[in-house]
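A.B. asks: There's a structure below that I have some questions on.
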Amino acid sequence: MIEELKNLETEAERELAALADPQLLQELKVKYLGRKGLFATVTAEIAHLTSDQKRAAGQEMNRVKRALEELFAAKEKGLGSSDFSIQAIDTTMPGTYPAAGALHPLTRVIGETAAIFQRLGFFTEDGDEVEDERHNFSALNIPLDPPARDSFDTFYLASVPGQPPRLLRSQTSTVQIRAMERIGEPPIKIIAPGKVYRPDATDATHSFMFHQIEGLMVDEGVSFAHLKGVLYAWAREFFGPKAKLRFRPHFFPFTEPSAEIDVWWEGRGWLEILGAGMVHPNVLRAVKIDPEKYTGFAFGMGVERLAMLKYGVEDIRHFFENDVRFLGQFRG
Ligand code: DAH
């Protein structure tokens, strides 16, 4: 019997070591220590022993009983704590999520506008922010002398001896020239979103850096009616189907005739949103496109202004301060 008790103890130790489920622990406990369990079965034999044998067997019986109880108690404690960690990953509980990002409102305006023009057959063109005077001024029919350039005041980079002056583009109209130089022969239908720079003092409506979206279409027989059609198609998608446009005569050196364009917004009145016009023949000549054969229209819109109107933002500086309380409102 003593031998059997010892075997029982080693067997229990082995089974307990392999066990991880608290439910099974209870079953195992019944198997060993229950009223009809292995311990009870083995020790029942004590009735058939001599009184000398009984003493030795009795001692071993008590020792193994205590040992088993201790083993089970220790295992219960051990599994108890892992029982807790099982609850901690209860998959029915709402999880903790990493904070999700959102598109910047300016990125949204650019993306929505690019998507609308893409459906109208315009390619999105990229252009450099560091430019030369030809692409920012002269090829756009802006003379290099001071009065003509006053309204296009510009940051210049430190001059390098023997190199032509370089500047930060003050308008995305540079990409009109770049695209026509690259593509060469019309048809040309592009839009060009990007950053522009002007030495303006920063306030609620001015920033030394802001974004524009340029548009250009050059082909045979392009007229002002095409310009109106394209801008209406965009405005009705961007502002809503009731959007109305108003074309006011204006002056830009690179277009003739030129217009400033306002959008009618129910409850808010006329809001100026962009400049546009028919590409000036001198601009076409500058990129060796024959103005007798081809005509075109161009437009340029301010992205911050569009975003301020669309989302009701009252200060341009909000776009550049990276405050998540502001940016988080543009989710979804
Ligand atoms: N480049 C002009 C500006 O920055 C905006 C503009 C007006 C662009 C008329 C055009 C245009 O392409 O036709 O003020």
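The values are calculated or read from the model by the stated rules, or taken from the named source; none is laboratory data. Keep in mind it's a predicted model, so treat the numbers as computed, not measured. Cβ: placed from backbone, ideal geometry, glycine included. Neighbour counts: every protein chain shown.
A.B. asks: Would you check if residue 4 is touching a residue at least 24 places away in the same chain (Cβ under 8 Å), of a type in the set (D, E, K, R) and in contact with a helix residue (DSSP H, G or I) (Cβ under 7 Å, 6 or more places away or on another chain)?
C.D. replies: Spelling it out, residue 4 is indeed touching a residue at least 24 places away in the same chain (Cβ under 8 Å), of a type in the set (D, E, K, R) and in contact with a helix residue (DSSP H, G or I) (Cβ under 7 Å, 6 or more places away or on another chain).
A.B. asks: Now, a different point. Kindly indicate whether residue 163 is out of contact with any Cys (no Cβ under 6 Å at 6 or more places or on another chain), within 11 Å of the ligand (Cβ to nearest atom) and either in a loop (DSSP other than H, G, I, E, B) or outside the structural domain of residue 274 (by TED's automatic domain parsing) (or both).
C.D. replies: On the way: out of contact with any Cys (no Cβ under 6 Å at 6 or more places or on another chain): yes; within 11 Å of the ligand (Cβ to nearest atom): no; either in a loop (DSSP other than H, G, I, E, B) or outside the structural domain of residue 274 (by TED's automatic domain parsing) (or both): yes.
Taking the combined requirement at face value, the residue does not satisfy it.
A.B. asks: Against the definition (crowded, with 17+ Cβ neighbours inside 10 Å and assigned to a loop (DSSP other than H, G, I, E, B)), how does residue 273 come out, yes or no?
C.D. replies: no
A.B. asks: Which one of 331, 317, 285, 248 is surrounded by fewer than 21 Cβ atoms within 10 Å (Cβ to Cβ) and closer than 21 Å to residue 174 by Cα?
C.D. replies: 285 is the lone residue from the list that is surrounded by fewer than 21 Cβ atoms within 10 Å (Cβ to Cβ) and closer than 21 Å to residue 174 by Cα.
A.B. asks: Kindly indicate whether residue 239 is surrounded by fewer than 22 Cβ atoms within 10 Å (Cβ to Cβ), assigned by TED's automatic domain parsing to the domain that holds residue 281 and within 12 Å of the ligand (Cβ to nearest atom).
C.D. replies: no
A.B. asks: Name the single residue, out of those in the stretch 89-148 being in contact (Cβ under 8 Å) with a residue 40 or more places away in the chain, of a type in the set (Val, Ile, Thr) and outside any helix (DSSP H, G or I), that is nearest to residue 235 (Cα to Cα).
C.D. replies: 124
A.B. asks: Quick one: would you say residue 230 is modelled with pLDDT of 95 or more, of a type in the set (A, V, I, L, M, F, W, C), within 16 Å of the ligand (Cβ to nearest atom) and crowded, with 19+ Cβ neighbours inside 10 Å? Steps first, answer last, please.
C.D. replies: On the way: modelled with pLDDT of 95 or more: yes; of a type in the set (A, V, I, L, M, F, W, C): yes; within 16 Å of the ligand (Cβ to nearest atom): yes; crowded, with 19+ Cβ neighbours inside 10 Å: yes.
When the stated conditions are applied, residue 230 passes them.
A.B. asks: Six or more apart or on different chains, Cβ atoms under 7 Å: show the pairs whose first residue is in the stretch 245-267 and part of a strand (DSSP E or B) and whose second is of a type in the set (Ser, Thr, Tyr) and more than 9 Å from the ligand (Cβ to nearest atom).
C.D. replies: So the pair list comes out as 245/232.
A.B. asks: Give the residue that is nearest to residue 214 (Cα to Cα), with candidates limited to residues of the stretch 252-275 that are in contact with a helix residue (DSSP H, G or I) (Cβ under 7 Å, 6 or more places away or on another chain) and of a type in the set (A, V, I, L, M).
C.D. replies: Taking the candidates together, the pick is 273.
A.B. asks: So, residue 178, is that one part of a helix (DSSP H, G or I), assigned by TED's automatic domain parsing to the domain that holds residue 139 and more than 27 Å from the chain's Cα centre (by Cα) or not?
C.D. replies: yes
A.B. asks: May I ask you to verify whether residue 255 is within 25 Å of residue 135 (Cα to Cα), more than 10 Å from the ligand (Cβ to nearest atom) and crowded, with 18+ Cβ neighbours inside 10 Å?
C.D. replies: no
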